[in-house]
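Participant: Supplied in structure tokens, the structure appears directly below.
A short reminder: the numbers here are calculations on the coordinates, not readings from a lab. Keep in mind it's a predicted model, so treat the numbers as computed, not measured.
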Amino acid sequence: MRVYLTGFMGSGKTTVGRRLAARLGVPFVDLDEEIEKRAGTTVREIFTEQGEPAFRQMEAELLRDTARHPGVVVSTGGGTMVSEANARWIGANGLSVWLNPPFATIVARIGALGKADRPLFRDEVQALSLYHQRLPAYRRADVTVDVAPGEGPEEIAARIALLIGDR
């Protein structure tokens, strides 16, 4: 089974994804990390130098690349599911899981350093607006996992494994 974790930046997709993949005994792919490897630069630099459309094109290509794995856990970018084509592709090729912590938890996780690294998190007001814009895309996920403040990644991964176990 292919599991695609979606959610806003700072929702825990990478941290939970690594633990979920280990629990399921399948590879883990972080789309942002793969983009950085292939491009030889950071996501922030891609946004600055080439623009968001170039980034989204790379993201879509790498997303489709995950089909080579019969079983995999993929951490998508915060905007991956916003693309209708990506959302349809994920729906046809795997199971989408939305990690949904409270927005205040996201802000606390990202912190000051994270804001400097994330090209679409300029400040809390702008990020909250973007979050609300993306909610309809996240809500299309096959499975929603509401994350409680303070809930650890191992516990979240275990809950996801139980939720998807019968699928």
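Participant: Given region 1-60, report the % of alpha carbon pairs whose separation exceeds 14 Å. Please list the in-between numbers first.
Facilitator: Values: 1058 of 1770 pairs.
Considering region 1-60, 60 percent of its Cα-Cα pairs are separated by more than 14 Å.
Participant: A follow-up question, please. Run lengths n ≥ 4 of DSSP H only: what is the helix-derived mean residue ellipticity at 222 nm for the chain, with -39500 (n - 2.57) per run over all residues, to the nearest 500?
Facilitator: On the way: 8 runs with 95 residues, N = 167.
My calculation for the chain gives -17500 deg cm²/dmol from helical runs alone.
Participant: Right, something else. Which whole-number percentage describes the relative contact order of region 2-164, with Cα contacts under 8 Å and a sequence gap of 6 or more?
Facilitator: Working: 224 pairs, mean separation 60.2, N = 163.
This gives 37 percent for region 2-164.
Participant: Now, a different point. Mind checking the log10 I(q)/I(0) for the chain at q = 0.10, 0.11 Å⁻¹? Debye, one equal scatterer per Cα, no solvent, two decimals.
Facilitator: -0.33, -0.41
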